[in-house]
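Quick note: the coordinates plus some simple rules give every number you see, no bench work behind them. Since the model is a prediction, treat every value here as computed from it, not as a measurement. Glycine gets a Cβ as well: all are built from the backbone with ideal geometry, and neighbour counts include every protein chain shown.
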């Protein structure tokens, strides 16, 4: 389960960005976790509170997840389809000869900062 170490790295990066920008509070972080990335969002959701524990900058912070679909292009009949929904086979011709067009990405997409006023 690599989700915990990847989640910890994303939280570290968000904390570093906050420090660089003089921000005291993070409201949320958004992760982009493609269907074909190999990561399971349920584990990010499950361990987020544990990873941000003892980090006051994250008090009350929310984890948001965007889940881009795993899209493919059949290289035999040129149909576009969702790879996950069709278990890797083209629904039009049955071929497994494909080019992956999306859904493999993993990124820290967004950080929501709360500006503190004095």
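Table for the structure above
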{"read-out": "For the chain, the fraction of alpha-carbon pairs in successive 5 Å shells from zero, as %", "value": "2, 12, 19, 17, 13, 10, 9, 7, 6, 4, 2, 0, 0"}
{"read-out": "Degrees, to the nearest 10: 3-20 long Cα axis against longest axis of the chain", "value": "50 degrees"}
{"read-out": "Between helix 41-51 and the chain: long-axis angle, C-alpha atoms, 0 to 90°, nearest 10", "value": "20 degrees"}
{"read-out": "Virtual paramagnetic centre 7 Å along Cα→Cβ of residue 87, amide N under 19 Å, in segment 21-58", "value": "36"}
{"read-out": "Likely footprinting exposure, 77, 90, fewest C-beta neighbours within 10 Å first", "value": "77, 90"}
{"read-out": "Computed P(r) (all Cα pairs; segment 76-118; 10 Å bins; percent)", "value": "23, 32, 15, 13, 10, 7, 1"}
{"read-out": "Binned Cα-Cα distances of segment 23-69, short to long, each 5 Å bin given as a whole percent", "value": "5, 21, 28, 21, 13, 9, 3"}
{"read-out": "Mean Cα-pair separation over length for segment 41-118, i.e. relative contact order, pairs under 8 Å, 6 or more apart, %", "value": "24 percent"}
